[in-house]
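The values are calculated or read from the model by the stated rules, or taken from the named source; none is laboratory data. Source: prediction; values computed, not measured. Here the Cβ positions follow ideal geometry from the backbone for every residue, glycine too, while neighbour counts run over all protein chains shown. For the accessible areas, the whole protein counts, side chains as well, though only heavy atoms, and no ligand, DNA or RNA atoms are used. Shrake-Rupley method; radii C 1.70, N 1.55, O 1.52, S 1.80 Å.
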Amino acid sequence: MESDMSQAFQEELKCLICLSTLTDPVTMSCGHSFCRACLHLSWEDFQLPIHCPMCREPSQQKDFRTNMVLEKLVSIARQESLRRDLSSEEHKCVTHGETRRIFCADKRIYLCPLCSDSHDRGHTHCPVEAAAEDQMESLLKQMARVWEKIQDNQENIEAEKRTVTLWKDYLTLREDMVRAEYRKLHPVLGVEEEQHIESLRNEGQCVLEKLRKSEALMLQDSRQLREIYQELMEMSQEPYMVLLQGSDDILGRSESMQLHMAPTMKPELSALPITGLTE
């Protein structure tokens with residue numbers, strides 16, 4: 001009976017998208033609960049309203065608060081699973097026969113109390129349970145930062161697209177202005193006018209190509225950020241024993257990715273001189 005209740009309890013703590021134990025659980029207005037990351041990745045775009053992946057009920061809110069009750073229940077379930085893993089025979093120290101309940105944060109290894117006492121004094125040791133909670137917290141904070149970068153990058157992409165359109169309109173307007181000045185000041189300087197227009201067009205095209213390249217880099221960043229976010233999410237769903245030893249690589253790559261984001265451009269044209277026009 002106790003086993004049946006435990007199984008039923010575990011089932012209630014599953015995300016309705018990934019079908020794994022909830023991570024940073026949020027509950028939508030319709031009552032359905034999901035991992036925050038699963039919900040984020042289920043959105044096709046960032047525009048409101050968003051829809052519940054289960055019942056498709058629309059919501060004008062997308063920044064959901066963590067469901068504190070579910071979060072506490074998930075923590076209890078994860079800690080219980082960790083205790084079962086720690087009590088297994090394979091997790092006993094081969095030297096002392098004691099359970100390896102201590103985690104070395106510097107070498108990312110498990111130690112029994114006796115090994116911990118004789119281990120490098122300069123290293124940080126703490127109970128596995130506390131280390132696991134700290135690592136999960138670090139992972140969730142990193143996920144929040146990556147998601148913020150994803151949203152910022154999406155806004156930059158939209159801004160760059162608008163800039164491309166505005167730049168094309170500006171080039172047309174600039175050409176009309178130049179021609180108007182030549183017609184007004186020097187109607188006979190046709191050769192100089194055409195040279196000026198050709199130079200303007202060439203420079204404008206170069207800038208346009210840079211804008212398109214910038215947009216392409218941002219789209220590439222968007223794909224890579226989502227891939228990193230997906231990896232962080234998958235790591236957050238791993239058992240604590242795996243999480244403690246396997247998350248450093250993805251956390252490091254996530255930090256590195258955020259440092260190399262493509263910036264937006266501020267295009268401008270050179271102020272080419274028109275004969276007789278000093279202003």
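Considering only residues that are of a type in the set (Gly, Ala, Ser) and open to solvent by less than 10 Å² (accessible area, probe 1.4 Å), which ones fall in segment 217-239?
Hit for segment 217-239 is Ser236, nothing else.
On the basis of being modelled with pLDDT of 85 or more, buried (at least 17 other Cβ atoms within 10 Å of the Cβ) and touching an Asp or Glu at 6+ places or on another chain (Cβ under 9 Å), does Gln79 make the cut? Against the criterion (modelled with pLDDT of 85 or more, buried (at least 17 other Cβ atoms within 10 Å of the Cβ) and touching an Asp or Glu at 6+ places or on another chain (Cβ under 9 Å)), Gln79 does not qualify. Do we have Asp85 as touching a residue at least 24 places away in the same chain (Cβ under 8 Å) and of a type in the set (Asp, Glu) here? So Asp85 fits the description; yes.
From the list Arg145, Arg78, the lone residue that is part of a helix (DSSP H, G or I), charged (D, E, K, R) and in contact with a Phe, Trp or Tyr (Cβ under 7 Å, 6 or more places away or on another chain) is Arg78.
Residues in segment 38-69 that are in contact (Cβ under 8 Å) with a residue 60 or more places away in the chain and open to solvent by less than 40 Å² (accessible area, probe 1.4 Å): Cys38, His40, Phe46. Among the numbered conditions (1) open to solvent by 60 Å² or more (accessible area, probe 1.4 Å); (2) touching a residue at least 60 places away in the same chain (Cβ under 8 Å); (3) farther than 30 Å from Ala262 by Cα, the only one that Lys149 does not meet is (3). Within segment 240-266, the set of residues being touching a residue at least 12 places away in the same chain (Cβ under 8 Å), within 26 Å of Arg108 (Cβ to Cβ) and open to solvent by less than 40 Å² (accessible area, probe 1.4 Å) comprises Tyr240, Met241, Leu243, Leu244, Ser247, Ile250, Leu251, Ser254, Met257, Gln258. Among the residues of segment 6-34, the one identified as assigned to a loop (DSSP other than H, G, I, E, B), more than 17 Å from Met136 (Cα to Cα) and among the polar types (S, T, N, Q) is Ser29.
Screening Thr27 against (1) open to solvent by less than 30 Å² (accessible area, probe 1.4 Å); (2) under 27 Å from Val146 (Cβ atoms); (3) touching a strand residue (DSSP E or B) at 6+ places or on another chain (Cβ under 9 Å) leaves a single unmet condition, (1). One residue stands out among those in segment 175-216 that are surrounded by 14 or more Cβ atoms within 10 Å (Cβ to Cβ), under 30 Å from Gln154 (Cβ atoms) and not polar (S, T, N, Q): the one that is nearest to the chain's Cα centre (by Cα), which is Glu215.
Can you go through Asp134, Asp117, Asp106 and tell me which one is of a type in the set (D, E, K, R), in a helix (DSSP H, G or I), at pLDDT below 90 and exposed (fewer than 15 other Cβ atoms within 10 Å of the Cβ)? Step by step, each of Asp134, Asp117, Asp106 is checked, and only Asp117 is of a type in the set (D, E, K, R), in a helix (DSSP H, G or I), at pLDDT below 90 and exposed (fewer than 15 other Cβ atoms within 10 Å of the Cβ).
Here's the yes/no breakdown for (1) of a type outside the set (A, V, I, L, M, F, W, C); (2) in contact with a helix residue (DSSP H, G or I) (Cβ under 7 Å, 6 or more places away or on another chain):
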site	(1), (2)
Gln7	yes, no
Leu22	no, yes
His40	yes, yes
Leu48	no, no
Cys52	no, no
Ser59	yes, no
Asp63	yes, no
Lys72	yes, no
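Listed conditions (1) polar (S, T, N, Q); (2) modelled with pLDDT under 90; (3) in contact with a Ser or Thr (Cβ under 8 Å, 6 or more places away or on another chain); (4) surrounded by 14 or more Cβ atoms within 10 Å (Cβ to Cβ) are all met by Ser87, apart from (4).
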